[in-house]
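Chemist: For reference, the structure I am asking about is given below.
The values are calculated or read from the model by the stated rules, or taken from the named source; none is laboratory data. Note that this is a predicted model, so its numbers are computed, not measured. Neighbour counts are summed over all protein chains in view; Cβ atoms, including those assigned to glycine, are modelled from backbone coordinates with ideal geometry.
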Amino acid sequence: MARLVLKFGGTSVADVDRIRNVARHVKREVDAGHEVAVVVSAMSGVTNQLVKYVKDTSEFYDPREYDAVVASGEQVTSGLLAIALQAQGVKARSWQGWQIPLKTDGAHGSAAILGIDADKLSACMKAGEVACIAGFQGVGPDERIATLGRGGSDTSAVALAAAVGADRCDIYTDVDGVYTTDPRVAPKARRMDRISYEEMLEMASLGAKVLQVRSVEMAMVHRVPVFVRSSFDAPDAGQWNGTLVCDEDQIMETQIVSGIAFARDEAKITLLGVADKPGVAAAVFGPLADSSINVDMIVQNVSPDGKTTDITFTVPAAEFARAREILGQARNDIEYRELRGSTDVVKVSAIGVGMRTHAGVAARMFRVLADKGINIQAITTSEIKISILIDADYTELAVRTLHTLYGLDKA
Ligand code: ADP
Ligand code: ASP
Ligand code: MG
């Protein structure tokens, strides 16, 4: 007998038939003698609609009320799943975040989990009652509903798995595992049987939205084995594919590059004609940091005349307008000639723990992209990844080209 936390994403609970299908997956695990808790997302599209209602109501909204509204999608699916399970003869009840309670900080809209009091939940699981838990939500220090950021049900599930001491956290989604890149963009993407926490963390942070970044951090810290699989596999198939996210030393074969990720939610800002003197970078990036705007890639050109230079950097696309405004206000301190910006860019990254010990990965990337006529606008690297910024029109071409280059295409 094992203790399991299962999580079903939006497409897996998109309508009542699919919720019944989820209930069949859950019943299979219960019938096998396992203690089960299930975390559900809102039906696909519902959270987007709720966010839109909020924004349509007022451009300036109270983030606590935003959370009260957008958390409601998960309340519906947790109740419906409990009803579907009961109809299949399985004991079940729904739980909202505050009922557990799953406690968060006060950052409404992207709250972090501070702790989970798992006693009541554990008792429920032990008594053989399936806990159907609304993902994406908890309760803040102000005793108001707080949501965990988009895609946050993954994090709810892994955090709950850690809190109840689950043997595994199964993430059911609309693909049968983690692929070498997004299978929707590269048809030759391959499913991985295993991926290390570290590589998965990079993949997720660099745009592979199959798991929310925080869920991977949480799994890595608490050493929760996470198994990604498809809810569209027949519940009674007896055998299924998936990807285990686990420790590096549980993986036999490692490749130099194990995956390609891309993120379209970056924006590029270039400051032209900035004085080339000490203190300028601080004058540019200080005000952005003060406003909590995350700067990612940075390129400073060599100054041709020793007096002025150009600085290019990226910020999240959602912060683009705010960043421009802040830099506009700081113009007297920074003294630049012109500000140019674009959201038509994409960050493409190659990830692999093998890069620690192998040279030449970047050089090959730059060569092959040059051969395809793709211009690289910025570069960043870390021990296990290389990221480049390119024109968004070349996303598919760059992803597929790099996927082939590093030998990731399926046979
Ligand atoms: P859910 O609603 O179940 O949480 P998501 O839409 O958040 O599902 O995540 C699943 C999607 O992630 C897939 O449909 C796929 O398009 C995308 N994806 C991006 N990168 C990858 C990858 N490397 N492997 C698998 N899926 C990926
Ligand atoms: N429903 C939320 C969202 O769409 C949380 C999730 O699905 O994980 O972002
Ligand atoms: Mg998701």
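Chemist: Could you please find all residues in the range 132-151 being farther than 15 Å from residue 37 by Cα, touching a Phe, Trp or Tyr at 6+ places or on another chain (Cβ under 6 Å) and crowded, with 24+ Cβ neighbours inside 10 Å?
Modeler: Residues satisfying the conditions are 147, 148.
Chemist: Same structure, new question: Do you know which residues across the range 207-223 are surrounded by 17 or more Cβ atoms within 10 Å (Cβ to Cβ) and in a loop (DSSP other than H, G, I, E, B)?
Modeler: 207, 208, 210, 211, 212
Chemist: Which condition does residue 200 not pass, out of (1) part of a helix (DSSP H, G or I); (2) under 28 Å from residue 98 (Cα atoms); (3) not charged (D, E, K, R), if it passes all the others?
Modeler: (2)
Chemist: Does residue 244 satisfy the condition of being in a helix (DSSP H, G or I) and away from ligand 2 (no atom under 15 Å from the Cβ)? Walk me through it before giving the result.
Modeler: Working: in a helix (DSSP H, G or I): no; away from ligand 2 (no atom under 15 Å from the Cβ): yes.
So residue 244 does not fit the description; no.
Chemist: Quick one: how many residues across the range 269-295 are in contact with a Leu (Cβ under 9 Å, 6 or more places away or on another chain) and in contact (Cβ under 8 Å) with a residue 60 or more places away in the chain?
Modeler: Qualifying residue count for the region: 4.
Chemist: Within the range 269-279, can one find any residue that is at positive phi, touching a Phe, Trp or Tyr at 6+ places or on another chain (Cβ under 6 Å) and at pLDDT below 95?
Modeler: yes
Chemist: Can you spot a residue in the range 295-309 that is buried (at least 19 other Cβ atoms within 10 Å of the Cβ), under 29 Å from residue 405 (Cα atoms) and hydroxyl-bearing (Ser, Thr, Tyr)?
Modeler: No, the range 295-309 contains no residue that is buried (at least 19 other Cβ atoms within 10 Å of the Cβ), under 29 Å from residue 405 (Cα atoms) and hydroxyl-bearing (Ser, Thr, Tyr).
Chemist: Considering only residues that are basic (Lys, Arg) and more than 10 Å from ligand 2 (Cβ to nearest atom), look in the range 142-185 and name the one that is nearest to residue 263 (Cα to Cα).
Modeler: Residue satisfying both the conditions and the ranking: 184.
Chemist: What strands (runs of 3 or more DSSP E) lie completely within the range 1-109 and have 1 or more residues being crowded, with 21+ Cβ neighbours inside 10 Å and free of Cβ contacts under 8 Å to residues at least 60 places away in the same chain?
Modeler: Values: elements: 3-8, 35-40, 92-95, 102-104.
Answer list for the range 1-109: 92-95, 102-104.
Chemist: Looking at 189, 204, 162, which is the one that is in contact with a strand residue (DSSP E or B) (Cβ under 7 Å, 6 or more places away or on another chain) and surrounded by 19 or more Cβ atoms within 10 Å (Cβ to Cβ)?
Modeler: 189
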